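So the structure is just underneath, and the comments pick up after that.
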Amino acid sequence: MAYKITDECIACGTCLETCPYHAIEEGDIFKITMACENCGTCMDICPAGAIIEE
C-alpha cells in the first residue's frame, strides 16, 4: 500500500505539519516522498480529501 496526493490538493500544509515521518514535500501540489511509512495520518487529516491509497 502506498499513498498519493491528487490534483485535489489545496496546498494547505495540514499533511506537512502532521506527518510523523516528514515525508511530505512542498509545492503547488504536495508530494509524498520515499520516507513515507504508510501510516495514513496524512490521508486522515487532509481537509480536501486529496490523499488516496494506490
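Coordinate-derived values only; no laboratory data. All values derive from a computational prediction rather than experimental measurement. Backbone-built Cβ (ideal geometry, glycine too); neighbour counts: all protein chains shown.
Results, tabulated for the structure shown:
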{"item": "Least to most buried among Glu26, Glu54 (fewest other Cβ within 10 Å first)", "result": "Glu54, Glu26"}
{"item": "Unpaired by the 4.7 Å Cβ criterion, cysteines found in the chain", "result": "Cys9, Cys12, Cys19, Cys36, Cys39, Cys46"}
{"item": "Length gained when the stretch Asp7-Asp28 is fully extended (0.36 nm per residue, less Cα-Cα span)", "result": "6.6 nm"}
{"item": "Phi to ³J(HN,Hα) by Karplus 6.51 cos²θ - 1.76 cosθ + 1.60 over the stretch 21-33, Hz, x for Gly, Pro", "result": "9, 6, 9, 10, 10, 6, x, 4, 10, 5, 10, 9, 8"}
{"item": "Environment charge at Phe30 (Cβ cut-off 15 Å; Lys +1, Arg +1, Asp -1, Glu -1)", "result": "-4"}
{"item": "Fewest-first sequence of Cys39, Cys9 by Cβ atoms within 10 Å of each Cβ", "result": "Cys39, Cys9"}
{"item": "Sequence-separation-based contact order of the chain, relative, with Cα cut under 8 Å and 6+ spacing, percent", "result": "49 percent"}
{"item": "Estimated [θ] at 222 nm from DSSP helical runs (n ≥ 4, -39500 (n - 2.57)) normalised by residues in the chain, nearest 500", "result": "-3500 deg cm²/dmol"}
{"item": "Nonlocal amide H pairs with Tyr3, under 5 Å, H built at 1.01 Å", "result": "Glu54"}
{"item": "Order of Ile45, Ile32 under a 10 Å beta carbon neighbour criterion, fewest first", "result": "Ile45, Ile32"}
{"item": "Assigned charges on the beta-carbon of Lys, Arg, Asp, Glu; the chain dipole about Cα centre (debye)", "result": "60 debye"}
